[in-house]
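Below: the structure, in structure tokens.
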Amino acid sequence: MKKVTTILILMIAFLASSYAQKVNKFGYLNSSELLSLMPEVVKADSAIDKYSQELDQLGQQMYAEYQKKAADAQSKVEKKLLTEEQTELIAKELSDMEKRISDFQQSAQEKIQTKKEKLYAPIMQKANEGIKAVAKANGYTYVFDSGAGSILYAEESDDILPLVKTYMKLPDPKPAVAPKPATTKP
């Protein structure tokens, strides 16, 4: 009985020590840099810019119409061509136009944000899948995003961005061209 108890204690100690020896492996990457390397982002940004320009053009048309109506009303008021009731009616119309323009601007921003979320969803999913695949394949327990500012201190961790870029077959970023130093003539 004493041997069984001793063996049982040794087994528990062995299991506890092997569990305690499991080391967490930490890695990090800059998700903004990863996204900037993905060709899908360029396409999405282009589509968002085009959509934004279309909405901006509509807003400018609305504003031009408002300015024209306001200038016309101002001219008629200065020439005393309008009755007090007509002036009040035009003022109300201009106020309504201002509200429509303001509502349109707010709606346009919401539409642009919705479009961005829709276009970026599959891109983010692809990036997350790549990160998870590399983390699992290389035994990382945790991966942090250094671009989001979520790492205040890091020791003994690995930047896994190169591994994710290789996994996703993304190109290396093009180095920035340094300006040529100015030469002074004596």
Checklist entry - If you go through segment 106-123 one residue at a time, do you hit one that is touching a residue at least 12 places away in the same chain (Cβ under 8 Å) and exposed (fewer than 13 other Cβ atoms within 10 Å of the Cβ)? => result yes
Next on the checklist: Every residue in segment 24-79 that is at pLDDT 95 or above, within 30 Å of residue 173 (Cα to Cα) and of a type in the set (S, T, N, Q), please.
Outcome noted: 46, 52, 53
Checklist outcome for this item: Among the residues of segment 54-78, the number that are in contact with a helix residue (DSSP H, G or I) (Cβ under 9 Å, 6 or more places away or on another chain) and farther than 13 Å from residue 97 by Cα is 7
Checklist entry - Looking at (1) modelled with pLDDT of 95 or more; (2) not in a helix (DSSP H, G or I); (3) not polar (S, T, N, Q), can you tell me which one residue 82 breaks? => result (1)
Checklist entry - Tell me, which residue of segment 153-184 that is in a loop (DSSP other than H, G, I, E, B), of a type outside the set (Val, Ile, Thr) and closer than 12 Å to residue 28 by Cα is modelled with the highest pLDDT? => result 157
Next on the checklist: Just to be sure I understand the filter: pairs with C-beta atoms under 8 Å, separated by 6 or more residues or on different chains, first member in segment 26-38 and of a type in the set (D, E, K, R), second member assigned to a helix (DSSP H, G or I). Which pairs pass?
Outcome noted: 33/147; 33/161
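The values are calculated or read from the model by the stated rules, or taken from the named source; none is laboratory data. Values in this document were obtained by computation on a predicted structure and should not be read as measured data. Using ideal geometry, Cβ is built from the backbone for each residue, glycine included, and neighbour counts are taken over all protein chains shown.
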